[in-house]
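The values are calculated or read from the model by the stated rules, or taken from the named source; none is laboratory data. Please read these numbers as outputs of a predicted model, since none were measured by experiment. As a convention, Cβ positions derive from the backbone with ideal geometry for all residues, glycine included, and neighbour counts pool all protein chains shown. Heavy atoms of the whole protein, side chains included, go into the accessibility calculation; ligands, DNA and RNA do not. Shrake-Rupley method; radii C 1.70, N 1.55, O 1.52, S 1.80 Å.
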Protein chains: 2
Amino acid sequence: MNNGKLRIIPLGGLDQIGMNITAFEYGNDIIVVDCGLAFPEDDMLGIDLVIPDTTYLEDNADRVRGLVITHGHEDHIGAIPYVMQKLPVPIYGTRLTMALIENKLSEHEMLDSVTRNVVSFGETIKFASLEIEFIRTNHSISDACALAITSPVGTVVHTGDFKVDYTPVYGDPIDLARFAELGNRGVLALLCDSTNAERAGYTNSEKTVGKALDAIFADHATSRIIVATFSSNVDRVQQIINAASRYNRKVVLEGRSMINIINTAIDIGYVSLPEGILIDISQIKDYPDEKTVIITTGSQGESMAALSRIAANMHKTVSIKPGDLVVFSSNPIPGNEKAVFKVINELSLKGAEVIFQDAHVSGHACQEEIKLIYTLTRPKFAIPVHGEHRHLMAQRSIAKEVGIPKENILILSNGQVLELDQESAAVVGDVPNGAVFVDGLGVGDVGNVVLRDRQRLADDGIVIVCMSLIPGTNRVVAGPLVMSRGFVYIKESDEFMEEARDVVLEALFKIEDRGITSRNKIRDMIKDALSGFIWKRIKRSPMILPIIMESTEE
Amino acid sequence: MNNGKLRIIPLGGLDQIGMNITAFEYGNDIIVVDCGLAFPEDDMLGIDLVIPDTTYLEDNADRVRGLVITHGHEDHIGAIPYVMQKLPVPIYGTRLTMALIENKLSEHEMLDSVTRNVVSFGETIKFASLEIEFIRTNHSISDACALAITSPVGTVVHTGDFKVDYTPVYGDPIDLARFAELGNRGVLALLCDSTNAERAGYTNSEKTVGKALDAIFADHATSRIIVATFSSNVDRVQQIINAASRYNRKVVLEGRSMINIINTAIDIGYVSLPEGILIDISQIKDYPDEKTVIITTGSQGESMAALSRIAANMHKTVSIKPGDLVVFSSNPIPGNEKAVFKVINELSLKGAEVIFQDAHVSGHACQEEIKLIYTLTRPKFAIPVHGEHRHLMAQRSIAKEVGIPKENILILSNGQVLELDQESAAVVGDVPNGAVFVDGLGVGDVGNVVLRDRQRLADDGIVIVCMSLIPGTNRVVAGPLVMSRGFVYIKESDEFMEEARDVVLEALFKIEDRGITSRNKIRDMIKDALSGFIWKRIKRSPMILPIIMESTEE
């Protein structure tokens, strides 16, 4: 195994949103960076979560030394409880990151079974032949870090998700000096965040949002204010609390993950609270509207989140009244636009004023920030990560612009094994990778066949033909019964189903005529007859399920 | 009926995208403006199209004098073939609009059964007590018009969808002078497009896209160029053809609606073609890449459109190769972002360069243009139309800004009956309204029950329990058989289904014990037992369908 090369194997996170997980391997040692989930695509019907296929790591479990986490977002930590069940290795992360992982493990009743190590910025963890240094960055969650992964053949820098914020709300700016020192020492490869690589310029500081919020609060002195944002953006919540404090408003946290995450952040001192500012939602009725702010989940229009329930009049304490102000301190993630607009329309219909998109900044580096990191680290190889293919390609252009030779920019796919040393880098093979679907308590028990069936059922419903035959014959002793679900519903449907039954009976006569007794053959003939009839009559293709039972009595 | 008031009844188009249809009524006369479709929402599983409920018009068919169309977009003409079957009134529209309606009627084999009247700009059609004047506007399709609807109690101006374009590609700028004249004469109410009412400033002229296209063509002299845009944006296609001509490229039209609509526009002289520029897709192989442009459908990522098939390597003639340039001359309509990005990623993976959003302008008026129309027409009442609630509310703010008294700005809902005269305006009632689903050849046969079932099937699939009993008893002579579709698929599933069957058998023992023979009761008990078991085991709620057949043999 030890051919003197470092192997980098992205198991997820490329060409997709979420599910970040990358293996770094030298000789007998494997370190895994991040272990995130993805949210289901539109065609993954009924799926709750998507986690990475970690077969490769499980097959090499004895060589996996640890799991290192760059920050506490779901697309970097969400799969931990599932993967830890099969791969119980120690986890390393910064303070807030680890606190959020602990929340998650505790929900899965796994807190006792996982070794956890809180790491400080600047600290280096040695895993046999691999050393990992944690470098401070900025992002839309506190305590995000980049990693310098040093192997005998050189140092690889992995930025994690980052932006450059010279005036962060909490903590220090990204440790640019350390990136520069690593650059001076020599960086073999840079794995850099591509999310905003299509965007020119710089991402604004988180602090600019504070100013926008201040202006909004000043303009709406008499309204109750509801602010929806990402529960994991602790600094954002801090700024909303600060604005509330300046305008003498009490603050209610609402939504399960908002309460969970912010209380966790409060516990470890990452949110500072003016005394008595936080009140419980049950107390809100005791304060006049102009003295309250509700900070809530639901900024993405998620149908079960607090804001969506408030907008739909389905919240147990809060309902919208004319004069309320709702601020979306967020942008819709692509794919969520319609859901967000639906909530905005519902709020607006109930008389709320809605402010949208004026109070948000991205957590990812734009083109000039990416150039800055390249310029400081001066890597031999560039490996764009974190993004869809269009984002990776945009970073490729940036890398070329700052002077990385074209042939040293490596656009990888999930599962590819990249081997590199100071001379060269090459993809030498691939390992199993892909998405494992989580549905309810089931992990991996819903696959493509089931999803195809669900799509078919969703599009046109199901028609079931049920009958019971005397074993070995084609003599029908019960049925045929034709039923449907999700197909059509009309006053004439009884007649239509009657006709459908006639079509089945006709097929059965043919079956009798020809002396066919094979159950498979009978099923096929009924299916063909019925699907032909339905398509001809109404141009639809429901799933057709013929069920034949064997009668135990003759 | 004639109380000396004008009645305005929006039957669709408010608080939604699409499905524009409004009735104007005075005494015994009803005029219908537009007759559009909507595309299904995400939760309308399997639905192809949505058309308005026109019960009110059908019930008053003897009073409906005509259908007047403002322009040829699907959300204004798409429901015509369906509505005309029940309400065969004469249609009025400008030249291109009518040509597109004729295309549509011809596809439905209805061309002979509908009276059609082509109207010129400036022309006024008299329908008994109502007169309708067609006023030229600009929009993202040629021949768009506003309407001045004059009744004995005053004139109402309906802008249709519009923008102000001083330098349109084809035809003249919007007839602002006529809006001013109407304003001088007195406008009772203005129904104004709200789509872009949230956006400050002005919408750019369509001509600016021509310049952007020129620059793109100049920069990519050696690439094959594929441009995706809306097939109905005839002027856009004209500008792409112009750019192609300047750079000596041949043009291929691809995609069913692109070919249909542009050929229609060519036939009536709305597209001017340099001689020999248009070639068939089969000829493209005879030209070098740098000498061709493909203008295609699929700018919204529609899965069956030409560009999506090209991107997925499923197109019969064109496949992407490195060096190709694909230009999206379009913006994604909210809700289509993910589909568009999917296509961009696929194109990018195959080596194409993709230009996105640099070559598009909106077809709708922004805030300053809306203010211009208000300022020219000086209406007594403002009735924001065409948009979701948030858009209507945004126009409300604009109307207030330009001096319309708050109480004269009327935010209507679909189906509301607004009565107005020179003194007052009030909602006096409502009429049936809503969405009728079109699925395959079925119109209205898929309702909420079917959609709920489809959602359930999509989320968790179906489990079917089938058995045959001796009539009047609870004696099982065939089955129980437990089957599933879209539920789970695992190696252990046989065992799981075996357990499920045991649960059913247990329920049957209980049924026998208690001497229960009611089929409904038996079905309920089986359903409860099985759904309890499945929820407890894997936290899922498939649809459970117990089927009991009566055995004909004892």
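When the residues of segment B:40-59 are filtered to those that are closer than 19 Å to B:N414 by Cα and within 14 Å of chain A (Cβ to nearest Cβ), which remaining residue is most open to solvent (accessible area, probe 1.4 Å)?
Looking at the filtered set, the residue picked out is B:E41.
Scan segment A:476-493 and give yes if some residue there is farther than 25 Å from B:M543 by Cα and more than 50 Å from the chain's Cα centre (by Cα), otherwise no.
Looking through segment A:476-493, at least one residue is farther than 25 Å from B:M543 by Cα and more than 50 Å from the chain's Cα centre (by Cα).
Can you find a residue in segment B:291-307 that is more than 24 Å from the chain's Cα centre (by Cα), free of Cβ contacts under 8 Å to residues at least 24 places away in the same chain and farther than 27 Å from B:V361 by Cβ?
Kept after step one, since they are more than 24 Å from the chain's Cα centre (by Cα), are these residues of segment B:291-307: B:291-294.
With free of Cβ contacts under 8 Å to residues at least 24 places away in the same chain added as a condition, the list becomes none.
For segment B:291-307, residues more than 24 Å from the chain's Cα centre (by Cα), free of Cβ contacts under 8 Å to residues at least 24 places away in the same chain and farther than 27 Å from B:V361 by Cβ: absent.
Scan (1) within 9 Å of another protein chain (Cβ to nearest Cβ); (2) touching a residue at least 12 places away in the same chain (Cβ under 8 Å); (3) of a type in the set (K, R); (4) under 24 Å from A:L451 (Cα atoms) for the single condition A:R523 breaks and write down its number.
With (1) within 9 Å of another protein chain (Cβ to nearest Cβ); (2) touching a residue at least 12 places away in the same chain (Cβ under 8 Å); (3) of a type in the set (K, R); (4) under 24 Å from A:L451 (Cα atoms) applied to A:R523, the lone miss is (1).
Hey, does segment B:536-547 have a residue that's free of Cβ contacts under 8 Å to residues at least 24 places away in the same chain and exposed (fewer than 15 other Cβ atoms within 10 Å of the Cβ)? Before the answer, list the steps.
Here is the first cut: in segment B:536-547, the residues free of Cβ contacts under 8 Å to residues at least 24 places away in the same chain are B:536, B:539.
Right, trim to exposed (fewer than 15 other Cβ atoms within 10 Å of the Cβ) and you get B:536, B:539.
Checked against the condition, which is being free of Cβ contacts under 8 Å to residues at least 24 places away in the same chain and exposed (fewer than 15 other Cβ atoms within 10 Å of the Cβ), segment B:536-547 yields at least one hit.
Of all strands (runs of 3 or more DSSP E) completely enclosed by segment A:77-161, which ones contain at least 2 residues that are within 27 Å of A:L14 (Cβ to Cβ), over 26 Å from the mean Cα position of the chain (by Cα) and among the polar types (S, T, N, Q)?
By residue number, A:145-151.
Can you name every residue in segment A:395-408 that is surrounded by 19 or more Cβ atoms within 10 Å (Cβ to Cβ) and in contact with a strand residue (DSSP E or B) (Cβ under 6 Å, 6 or more places away or on another chain)?
A:Q395, A:R396, A:A399, A:I404
Facing chain A (nearest Cβ under 9 Å) and open to solvent by 10 Å² or more (accessible area, probe 1.4 Å): is that true of B:L349 in this structure?
yes
Quick check: is even one residue across segment B:224-245 in a loop (DSSP other than H, G, I, E, B) and among the β-branched types (V, I, T)?
Yes, segment B:224-245 contains at least one residue that is in a loop (DSSP other than H, G, I, E, B) and among the β-branched types (V, I, T).
Would you be able to say whether some residue in segment B:519-535 is modelled with pLDDT under 95, closer than 26 Å to A:M467 by Cβ, open to solvent by less than 60 Å² (accessible area, probe 1.4 Å) and in a loop (DSSP other than H, G, I, E, B)?
There is no residue in segment B:519-535 that is modelled with pLDDT under 95, closer than 26 Å to A:M467 by Cβ, open to solvent by less than 60 Å² (accessible area, probe 1.4 Å) and in a loop (DSSP other than H, G, I, E, B).
List the number of the failed condition for A:K285; all other conditions in (1) crowded, with 19+ Cβ neighbours inside 10 Å; (2) within 19 Å of A:I320 (Cβ to Cβ) hold.
The number of the failed condition is (1).
Any idea which of (1) of a type in the set (D, E); (2) assigned to a helix (DSSP H, G or I); (3) in contact with a Lys or Arg (Cβ under 9 Å, 6 or more places away or on another chain) is the one B:D172 doesn't satisfy?
(2) is the only condition that B:D172 fails.
Looking at A:G201, is it open to solvent by less than 20 Å² (accessible area, probe 1.4 Å) and modelled with pLDDT of 95 or more? Full working, then the answer.
Numbers: open to solvent by less than 20 Å² (accessible area, probe 1.4 Å): no; modelled with pLDDT of 95 or more: yes.
It is false that A:G201 is open to solvent by less than 20 Å² (accessible area, probe 1.4 Å) and modelled with pLDDT of 95 or more.
Can you find a residue in segment A:4-27 that is surrounded by fewer than 20 Cβ atoms within 10 Å (Cβ to Cβ) and without any contact (Cβ under 8 Å) to a residue 24 or more places away in the chain?
no
Looking at A:A144, A:A128, A:A148, which one is open to solvent by 60 Å² or more (accessible area, probe 1.4 Å) and small (G, A, S)?
That would be A:A128, the only listed residue that is open to solvent by 60 Å² or more (accessible area, probe 1.4 Å) and small (G, A, S).
Looking at A:S257, A:S245, A:S303, which is the one that is out of contact with any strand residue (DSSP E or B) (no Cβ under 6 Å at 6 or more places or on another chain), open to solvent by 60 Å² or more (accessible area, probe 1.4 Å) and among the small types (G, A, S)? Before the answer, list the steps.
Details: A:S257 fails: open to solvent by 60 Å² or more (accessible area, probe 1.4 Å); A:S245 fails: open to solvent by 60 Å² or more (accessible area, probe 1.4 Å).
So the residue among A:S257, A:S245, A:S303 that is out of contact with any strand residue (DSSP E or B) (no Cβ under 6 Å at 6 or more places or on another chain), open to solvent by 60 Å² or more (accessible area, probe 1.4 Å) and among the small types (G, A, S) is A:S303.
Go through B:I241, B:I226, B:I262, B:I174 for me and flag whichever is closer than 20 Å to B:S142 by Cβ, in contact with a helix residue (DSSP H, G or I) (Cβ under 8 Å, 6 or more places away or on another chain), among the β-branched types (V, I, T) and touching a residue at least 24 places away in the same chain (Cβ under 8 Å).
B:I262
Please tell me if A:L392 is surrounded by 14 or more Cβ atoms within 10 Å (Cβ to Cβ), in contact with a strand residue (DSSP E or B) (Cβ under 7 Å, 6 or more places away or on another chain), at pLDDT 95 or above and within 14 Å of another protein chain (Cβ to nearest Cβ).
yes
Within the bounds of segment B:360-369, is there any residue that is of a type in the set (G, A, S) and open to solvent by 50 Å² or more (accessible area, probe 1.4 Å)?
no
Look at segment A:489-520 and say how many of its residues are within 12 Å of another protein chain (Cβ to nearest Cβ) and not charged (D, E, K, R).
Selection size over segment A:489-520: 4.
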